[in-house]
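Notes to accompany the following structure.
The values are calculated or read from the model by the stated rules, or taken from the named source; none is laboratory data. All figures in this text were calculated on a predicted structure; none of them were measured in a lab. FYI the Cβ positions are ideal-geometry reconstructions off the backbone, even for glycines, and counts take in every protein chain you see. Surface accessibility is based on the protein's heavy atoms, side chains included, excluding ligands, DNA and RNA. Shrake-Rupley method; radii C 1.70, N 1.55, O 1.52, S 1.80 Å.
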Amino acid sequence: MATTEELCEAFADWRARSNGNPRLSKMVKGWDRVIHFTTTDTDQGFTMRVQDQLLSALVVGYEDQPDVIVTGTSEDLCDMFWGDLNPSEKYMSGEIALAGAQQDVMRIDAISMVAFLDQ
Amino acid sequence: MGQRTVITTSTGLAFAALEYLAAAGLVTYVAGDSAWIPILVAGLLALLAYGFFGELNSMYPTAAAIRLYMQRAMDDRIALTITFTYMTTIVLVIASDAFIVGTALAHAFNQPAWVASLWIVGLLAVAVSCNLRGITVAGLLQDVATSVVVLATLVIAALALAHSGHALRTPWQPLHGHSPADLVEAIALGVFLYSAFEWVTTSAEEVRRPEAIQRGMLVAIGILCVVCGLATVAMSHTLDHHELTSAYPQLYLGVAAIGHAGLWVMAGVTAVTALNTFNGGFITASRFIYGTAREGALPPQLARLNSRAVPWVPVVALGVVSSVVALIVALTHGWQVLVAVGAALEAMVYGVAAFCAIRLRSRQPDTPRPFRVRLLRVLGPFAMVLFGALAVIASVSVNNHFNPAPLAIIAVGAALSAFYVVRVLPGVRTKEAARRAATPRRRPPRSEAT
């Protein structure tokens with residue numbers, strides 16, 4: 001199980017790489033959303049915002065009404081943020097679940113792809 | 001996504017323009033006015049499929065459900081081969097809708113037949129362009145579009161019957177002048193009228209309440225049964241053989257109902273059906289291809305996103321392949337072959353869904369199933385045999401004549417899928433594994449204390 005600190009550290013790395021990626025910046029233009037992350041093993045909740053083409057810092061706990069909810073184990077979410085895990089593979093195997101509109105899900109996937117492939 | 005949108009999505013995905021041609025084609029197998037009987041029987045069979053898809057979707061309420069339950073119920077290579085073959089149904093439906101709408105518009109505008117090809121290419125180009133720009137049909141527009149199609153078809157069919165001026169001739173005698181085998185073939189075709197109602201399960205992540213998917217599919221089957229039944233009876237009652245076997249029987253039905261204005265009403269309705277098909281078909285197929293490529297089961301080029309987060313390679317590929325298929329159909333006038341291919345593939349997938357539901361009951365007995373099929377031990381094997389038989393029958397019959405063309409098309413599609421899965425995929429996976437092995441882990445190792 002990953003601790004809150006580990007998750008926040010992993011997210012900080014993901015955020016830095018995502019915000020520094022001009023292609024991704026263009027991809028999230030006009031896409032201001034609230035995303036909740038839920039860990040299934042540690043029952044923790046986190047909130048991330050995408051605003052003005054930038055990912056916010058990760059907030060511990062749920063804030064506001066989410067547009068997308070990402071659910072997975074703390075280990076999987078941590079590995080996803082570090083880019084060590086193919087999120088699609090986990091999604092296709094049902095280990096990471098997403099709830100939200102299809103277009104929003106695609107954008108979340110695009111952000112996670114940046115971390116995984118380091119593009 | 002609320003309950004109403006789930007219902008309209010499920011109905012709209014099934015109610016493609018091809019529906020009119022399939023309904024008219026079905027009339028050739030039974031005594032005209034009793035065409036509603038095979039549609040009702042097919043509706044009852046669709047209820048069986050609804051049960052299996054409902055249970056499987058309740059276990060895996062995700063867009064990737066088909067991959068998940070097939071992967072867990074059978075060997076992954078077989079699951080992938082079946083899935084890829086099934087995906088060809090989407091291409092066929094997109095292509096046939098482009099052909100039907102193009103042909104109907106060319107007829108409505110009194111243009112020569114070759115102009116239909118321009119309409120086909122133009123319609124698909126617009127669909128591809130909209131998809132690449134990330135434009136999708138919003139829930140409310142989907143509700144309106146499907147309601148317009150369903151209501152207009154119902155009203156036109158009822159008016160056509162009312163204006164015919166004579167009573168139904170053989171409403172209770174499907175075998176009048178036909179053999180029982182014809183009736184079975186009509187039922188196989190009837191199954192196709194409901195096909196794609198289950199695609200709404202890919203929207204499982206978008207619904208507010210998970211059970212909305214199951215309810216939506218159930219209501220959609222009811223709507224399809226009533227609309228298709230009435231439209232088919234009206235067609236058989238008012239149209240002659242030439243009109244029934246044309247590429248636009250719905251336009252003749254419109255004329256029979258309210259005169260020349262009916263032609264324009266039904267041309268408009270046909271165009272609206274394409275809105276649903278292109279929207280649903282392109283999104284479902286392209287996102288599935290994208291997801292499979294991201295999973296590592298298709299070449300990574302298919303997972304490339306454009307600046308609007310749209311997987312552009314699958315969208316363009318679908319547009320090109322659909323255009324080619326639609327133009328071939330326009331040249332060969334072989335739309336009834338497409339109907340037969342679609343009917344056979346759909347029956348096959350319903351049988352596969354029954355198999356998966358049975359197999360997962362024994363392999364994953366503890367997985368929560370908010371929706372369960374009753375009497376699965378009896379209904380499951382029954383459905384597998386029945387849908388298997390209907391798939392075979394549909395694949396060797398076109399326009400009430402023996403014709404192995406649909407079977408040949410399916411066999412080629414399945415062979416190509418199997419070749420890819422057995423011979424090409426291992427290489428794709430090895431390459432991806434090598435890439436991952438060469439990429440060092442970024443996550444720092446845990447200290448001893450933790």
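Here are the numbers for the structure shown:
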read-out: The listed residue being open to solvent by less than 50 Å² (accessible area, probe 1.4 Å) and in contact with a His (Cβ under 8 Å, 6 or more places away or on another chain), out of A:45, A:61; value: A:45
read-out: Top-ranked residue of region B:181-211 - restricted to ones that are open to solvent by less than 10 Å² (accessible area, probe 1.4 Å) and of a type in the set (A, V, I, L, M, F, W, C), ranked as farthest from the chain's Cα centre (by Cα); value: B:186
read-out: Residue match in region B:154-173 (condition: open to solvent by 20 Å² or more (accessible area, probe 1.4 Å) and under 23 Å from residue B:391 (Cα atoms)); value: no
read-out: Yes/no for residue B:295 being open to solvent by 20 Å² or more (accessible area, probe 1.4 Å), within 14 Å of chain A (Cβ to nearest Cβ) and of a type in the set (D, E, K, R); value: yes
read-out: Restricting region A:82-112 to residues that are over 12 Å from the mean Cα position of the chain (by Cα) and polar (S, T, N, Q), the residue that is nearest to the other protein chains (Cβ to nearest Cβ); value: A:88
read-out: Residue list for region B:11-70, restricted to those being open to solvent by less than 10 Å² (accessible area, probe 1.4 Å) and within 14 Å of another protein chain (Cβ to nearest Cβ); value: B:56, B:57, B:64, B:65, B:67, B:68, B:70
read-out: Long-range neighbours under 8 Å by Cβ, at least six apart or interchain, first residue touching a residue at least 24 places away in the same chain (Cβ under 8 Å) within region B:165-183, second open to solvent by 60 Å² or more (accessible area, probe 1.4 Å); value: B:170/B:176; B:171/B:36; B:182/B:175; B:183/B:175
read-out: Residue list for region A:72-90, restricted to those being open to solvent by 40 Å² or more (accessible area, probe 1.4 Å) and part of a helix (DSSP H, G or I); value: A:75, A:89, A:90
read-out: Selection within region A:20-48 - modelled with pLDDT under 90 and more than 14 Å from chain B (Cβ to nearest Cβ); value: A:20
read-out: Residue selected from region A:2-41 under the condition touching a residue at least 40 places away in the same chain (Cβ under 8 Å) and more than 15 Å from residue A:81 (Cβ to Cβ), by the criterion surrounded by the fewest Cβ atoms within 10 Å (Cβ to Cβ); value: A:23
read-out: Where residue A:101 falls short, out of the listed (1) closer than 19 Å to residue A:13 by Cα; (2) surrounded by fewer than 21 Cβ atoms within 10 Å (Cβ to Cβ); value: (1)
read-out: Qualifying residue in region A:33-47 (condition: in a loop (DSSP other than H, G, I, E, B), closer than 18 Å to residue A:98 by Cα, out of contact with any Ser or Thr (no Cβ under 9 Å at 6 or more places or on another chain) and not hydrophobic (A, V, I, L, M, F, W, C)); value: yes
read-out: Residue match in region A:72-86 (condition: farther than 14 Å from residue A:14 by Cβ, in contact with a helix residue (DSSP H, G or I) (Cβ under 8 Å, 6 or more places away or on another chain) and of a type in the set (Phe, Trp, Tyr)); value: no
read-out: Qualifying residues in region A:49-71 (those that are more than 11 Å from the chain's Cα centre (by Cα) and outside any loop (DSSP other than H, G, I, E, B)) - the one farthest from the other protein chains (Cβ to nearest Cβ); value: A:59
read-out: Unique residue being more than 14 Å from chain A (Cβ to nearest Cβ), hydrophobic (A, V, I, L, M, F, W, C), farther than 19 Å from residue B:290 by Cβ and out of contact with any Asp or Glu (no Cβ under 8 Å at 6 or more places or on another chain) when the list is B:108, B:73; value: B:108
read-out: Residue identified as in a loop (DSSP other than H, G, I, E, B), out of contact with any Leu (no Cβ under 6 Å at 6 or more places or on another chain) and of a type in the set (Gly, Ala, Ser) among B:167, B:152, B:212, B:220; value: B:167
read-out: Residue tally, condition assigned to a helix (DSSP H, G or I), over 11 Å from residue B:326 (Cα atoms) and not aliphatic (A, V, I, L, M), over region B:102-118; value: 1
read-out: Count of region B:266-282 residues which are closer than 13 Å to residue B:96 by Cα and buried (at least 24 other Cβ atoms within 10 Å of the Cβ); value: 6
